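The values are calculated or read from the model by the stated rules, or taken from the named source; none is laboratory data. The shown structure was predicted, so the numbers you read here are calculated from the model rather than taken from an experiment. Here the Cβ is made from the backbone with ideal geometry for all residues, glycine too, and neighbour counts use every protein chain on show. Quick note on the areas: whole protein, heavy atoms, side chains included, nothing else; ligands and nucleic acids left out. Shrake-Rupley method; radii C 1.70, N 1.55, O 1.52, S 1.80 Å.
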Amino acid sequence: MPMESRFNTRMRLLPLCLLWILMLSCGSKDQFIGAYKAEVIDSPKQAETVLELKANGDGIWRVGDEEVPFSWYIKGGELRVNTKGGGVIVGIIENDAIHITLPGAKTLSFKKIQ
């Protein structure tokens, strides 16, 4: 095979390989869409905490009657929650649970309910 022909073949395959790598690096959000309820271990009087992840990348964090909107995405097997203040809260995903460590070293474990 002539050198020019090999080069052309490689140049055609390069975009396909890059697209494939990009698809693998981006986690599918569909499996994480739904509502998650925090398991309360410390205090039985703590208000119910629910995390809702929507298909469009928006979410709602509910604590009792209060709601805080946020945006979210999956990166490297972790849930990334973008706060309004510009911060990012990282959650570790394990099966149907999400473990989030909040400032102050408090960890919340959310179990999928929907």
The correct count of residues that are outside any helix (DSSP H, G or I), surrounded by 10 or more Cβ atoms within 10 Å (Cβ to Cβ) and modelled with pLDDT of 55 or more in the range 21-37 is 6
If I go through the range 90-107 residue by residue, how many of them are within 16 Å of LEU53 (Cα to Cα), hydrophobic (A, V, I, L, M, F, W, C) and more than 10 Å from the chain's Cα centre (by Cα)? 2
Conditions (1) at pLDDT below 90; (2) surrounded by 10 or more Cβ atoms within 10 Å (Cβ to Cβ); (3) assigned to a loop (DSSP other than H, G, I, E, B); (4) under 14 Å from the mean Cα position of the chain (by Cα): number failed by GLN46: (4)
Of (1) under 16 Å from LYS112 (Cβ atoms); (2) open to solvent by 50 Å² or more (accessible area, probe 1.4 Å), TYR73 satisfies every one except (1)
